[in-house]
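A.B. asks: Before I ask anything, here is the structure I am working with.
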Amino acid sequence: MRLKFTPIAIHTVLLTYTAIALLPIALIIANAFKSRRAIFTDPLALPGPDSFSLRGFAKVLAVSDFELYFINSLTVTLVTLALVLLFAAMAAWALSEYAFRGRLFIGLVFAVGIMVPIRLGTVSILELMVALDLTNTLTALILVYTAQSLPLAIFILTEFIAQIPKDLKDAARCDGVSEIHIFFAIIVPLIRPAIATVAIFVMVPIWNDLWFPLILSPGEDTQTITLGVQQFIGQYVTDWNAVLASLTLAILPILALYLLLSRQLVRGLTAGAVK
Amino acid sequence: MPGVRLHNVSKSFGAEVVLKAVSLDIADGEFAVIVGPSGCGKSTLLRILAGLEAADAGDIEIGGHRVNDLAPAARHIAMVFQSYALYPHMNVYKNMAFGLKFSGLDAAEIDLRVDRAARMLQLEDLLMRKPRELSGGQRQRTAIGRAIVREPDVFLFDEPLSNLDAALRVNTRLEIARLHDTLAATMIYVTHDQIEAMTLADRIIVMNEGRVEQTGTPLELYRAPQNLFVAGFIGAPKMNFIGGDAAGGAGAETIGIRPEHLSVAPKGGDWNATVIAVEHLGSDTYVYAETETSALTMRNGPESTLKSGDKIMLEYDRAAVHRFDAGGQRIPR
Ligand SMILES: Nc1ncnc2c1ncn2[C@@H]1O[C@H](COP(=O)(O)OP(=O)(O)OP(=O)(O)O)[C@@H](O)[C@H]1O
Ligand SMILES: [Mg+2]
């Protein structure tokens, strides 16, 4: 027998899930605007006239190099994003369009890359970065994140590129359009929604990562925001106001990027191309 | 001399042999129509001509030059696809102009060509629209426009009208015929529509299972089909094939009689038959009848009063019979 779900049941499940997922974030934001005492006495309450306080934000902006962390995170995320999208789209195009020796092998390598967590290679990566004299640079992070994100990005984009009708590329070839122009002027605009999806997938884990910044670039000048926040978390005393405030601030840029990208997720872009 | 020549062109996909040593000679300015059943290799032939697919063997010449190793753009061809294949993110103007940008033409010349094509195809008011905002016929005209602006030596059409409704088909067919008169370019046109083939073609090429069965003017093919396949394929309704005594009497294995050469005998006649269906098309009436041994189709005038169940006597015009031998080849008169 097939189970039938009513729209109400489906929405109940989805709304519950959304609430569970959003609650911690809502808590962080709400408590970031409260005094230290209010955070502990009633963590679930919204900031009221008595409990409202901007102390955490003031502290974060005054005491720490918050702007620097911010710029570091943003640099790493955006540069990685640009590299991943460019290389992944090109690789996906090559893998789905051209028959060449070793295509299957290269495809397999990328597939394996999706399955094997890059953190398993942390020690070798660190050794490599030391040898290349890249420790405590943003470059190290960018390289690692690019490598980490490429397999999945290629996988998703290959699927999308394969869906572009063959006639479209053939028409362009008859039109005398070179392969590189077919890629940039036809393929890329048509997979824009997929590129936006991939961008969101790629950017969030990079922005949130603590592991590699801690290991590869813990230096004063190269700390990312996740690492910067740690200075407020002590072994004995934690400045919760500052921690929550900085986390709240850290959400903003990624949220802005998400909103920007999600506007690209327009479907039906190929409508009208082929009957 | 931008004629087109194929010499012993073969093509296989894996184990499947799609083209078997196809040779063709299409003159400069000729309108050649390739017809044949689905899967016989028409599109593949066109794609090989365009350079989108490589032939396994044989030579392809355009304008007297061997083009086997040239890229599509270097062959001076333009192809119109069955699916239109318009660039979905570009408006009509850009769809037509896009390819020209890479051919080294200056902007003024591109503008001129696009405008001229748009005027020819009545697309002037639609230039700023995206393909998804166009009707099927407008999309098709845009696709044709994109081919025209390249000013190619050879146009390749792959079933360009099959996605259009009947009325639009007739219009676009006439437009293509007019285009051929205006441009005087060589055109190679694939279709499985009989009427398109008969009306457009200077010469029809009938293909079957990767082979060319016969080429000739529409009337040549209609009047003197070289074998049973062509006889059955050209002409609608289909030619009647009759074996047995009637064929033996004519010195053939099989005889073919076109529906218009069958009639109801006033007296006497050749076969007793029962009418099983009648189709009134206005200008014509198709009568489907059954004799003891075979099913026959007869074309009558508009006034036919036959109805299904009628018992009739059929006779045929002896002078118009096509005779075929045991191998299915035509026996000359
Ligand atoms: N890229 C390909 N790979 C494998 N087989 C192919 C390929 N292209 C065509 N074929 C095969 O070649 C044969 C001829 O195909 P083709 O498209 O030329 O037929 P067609 O005459 O144009 O048919 P239709 O009238 O249906 O368009 C078919 O059996 C098809 O399955
Ligand atoms: Mg075809």
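A.B. asks: Evaluate the charge dipole of the protein assembly as shown about its Cα centre and quote only its size in Debye, nearest 20, assuming +1 on the Cβ of each Lys and Arg and -1 on the Cβ of each Asp and Glu. Let's see the in-between values first.
C.D. replies: Details: 52 positive and 58 negative charges, 241 e Å.
Computed charge dipole of the protein assembly as shown: roughly 1160 debye.
A.B. asks: Can you give the FRET efficiency to the nearest 0.05 for residue A:208 and residue A:112, using r as the Cβ-Cβ distance and R₀ = 30 Å? All intermediate terms of the calculation are to be shown ahead of the outcome.
C.D. replies: Details: r = 24 Å, r/R0 = 0.81.
Efficiency, from the Cβ-Cβ distance: 0.80.
A.B. asks: Okay, next question. Which pairs, out of B:101/B:130; A:169/B:42; A:166/B:238; B:11/B:238; A:34/A:59, put more than 25 Å between their alpha-carbon atoms?
C.D. replies: Numbers: B:101/B:130 19 Å; A:169/B:42 20 Å; A:166/B:238 35 Å; B:11/B:238 31 Å; A:34/A:59 13 Å.
Correct reply: A:166/B:238; B:11/B:238.
A.B. asks: Taking the Cα centre of segment A:69-209 as origin, work out the dipole magnitude from +1 charges on Lys and Arg Cβ and -1 charges on Asp and Glu Cβ, in debye rounded to 20. Display every interim value, and only then the final one.
C.D. replies: On the way: 7 positive and 9 negative charges, 34 e Å.
In debye, rounded to 20, segment A:69-209 gives about 160.
A.B. asks: At most 16 other Cβ atoms within 10 Å plus a DSSP loop assignment makes a site exposed; report the longest stretch of chain A without any exposed chymotrypsin sites (Phe, Trp or Tyr not before Pro).
C.D. replies: Working: sites that count: A:5, A:98, A:100, A:236.
In short, A:101-235.
A.B. asks: Can you give me the angle between helix B:136-148 and the longest principal axis of chain B, using Cα atoms only, in degrees from 0 to 90, rounded to the nearest 10?
C.D. replies: Value to nearest ten degrees: 60.
A.B. asks: I would also like to ask the following. Measuring from label point to label point, each 7 Å out along Cα→Cβ, what is the residue A:230 to residue A:255 span in nm?
C.D. replies: Label at residue A:230, label at residue A:255, 2.6 nm between them.
A.B. asks: Same structure again: How far apart, in nanometres, would the label points at residue A:67 and residue A:37 be if each is projected 7 angstrom from Cα along the Cα-to-Cβ direction?
C.D. replies: 3.4
A.B. asks: While we're here: Can you grab the distance from the C-alpha centre of segment A:36-105 to the C-alpha centre of segment B:36-59, Å, no decimals?
C.D. replies: The two parts, judged by their Cα centres, are 53 Å apart.
A.B. asks: Got a sec? Which residues in segment A:132-155 would a label at residue A:105 touch, if it sits 7 Å along Cα→Cβ and we count backbone N under 11 Å?
C.D. replies: none
A.B. asks: May I ask you to derive the FRET efficiency for residue B:61 and residue A:5 from their Cβ-Cβ distance with R0 = 45 Å, giving the value to the nearest 0.05?
C.D. replies: Numbers: r = 64 Å, r/R0 = 1.42.
It comes to 0.10.
A.B. asks: Next up: Would you tally the net charge around residue A:53, using a Cβ to Cβ cut-off of less than 15 Å, leaving residue A:53 out, and scoring K and R as +1, D and E as -1? Could you put the intermediate results ahead of the total?
C.D. replies: On the way: positive: A:34, A:36, A:37, A:55, A:59; negative: A:42, A:50, A:239.
Its environment carries a net charge of +2.
A.B. asks: Taking only Cα atoms and a 10 Å spring cutoff, compute GNM fluctuations for chain A and point out the largest among A:260, A:152, A:15.
C.D. replies: A:15
A.B. asks: In a shell of Cβ-Cβ distance under 12 Å around residue B:105, excluding residue B:105 itself, what net charge do Lys and Arg (+1) and Asp and Glu (-1) give? Please list the in-between numbers first.
C.D. replies: Values: positive: B:101, B:113, B:150; negative: B:106, B:109, B:111, B:151.
Here the charged neighbours net out to -1.
A.B. asks: If you don't mind, there's one more thing I want to ask. Apply the Kirkwood formula to the protein assembly as shown: the hydrodynamic radius equals the inverse of the mean of 1/r over all pairs of different alpha-carbon atoms; give it in Å with one decimal. Spell out each step's value before the answer.
C.D. replies: Values: mean 1/r = 0.0328 Å⁻¹.
Taking every pair of different Cα atoms in the protein assembly as shown, averaging 1/r and inverting gives 30.5 Å.
A.B. asks: Please identify the DSSP H helices in chain A that span no less than 30 Å along the helix axis (Cα) and have a mean Kyte-Doolittle hydropathy of -1.0 or more.
C.D. replies: On the way: long enough: A:7-32 (36 Å, 1.83); A:66-97 (46 Å, 1.63); A:138-162 (34 Å, 1.80); A:240-262 (32 Å, 1.96).
Answer set is A:7-32, A:66-97, A:138-162, A:240-262.
A.B. asks: As I understand it, the value is the acute angle between the Cα axis of helix B:166-183 and the longest principal axis of the Cα atoms of chain B; what does it come to in degrees, rounded to 10?
C.D. replies: 60
A.B. asks: Say the dipole of the protein assembly as shown comes from +1 at the beta carbon of Lys and Arg and -1 at that of Asp and Glu; which of B:138, B:180, B:276 then lies farthest toward its positive end?
C.D. replies: Most positive-ward Cα: B:138.
FYI, it's all coordinate maths here, none of it is from the lab. What you are looking at is a predicted structure, and each value in this text was computed from that prediction instead of being measured. When we count neighbours, we look across all protein chains shown, and the Cβ atoms used for this are built from the backbone with ideal geometry, even at glycine.
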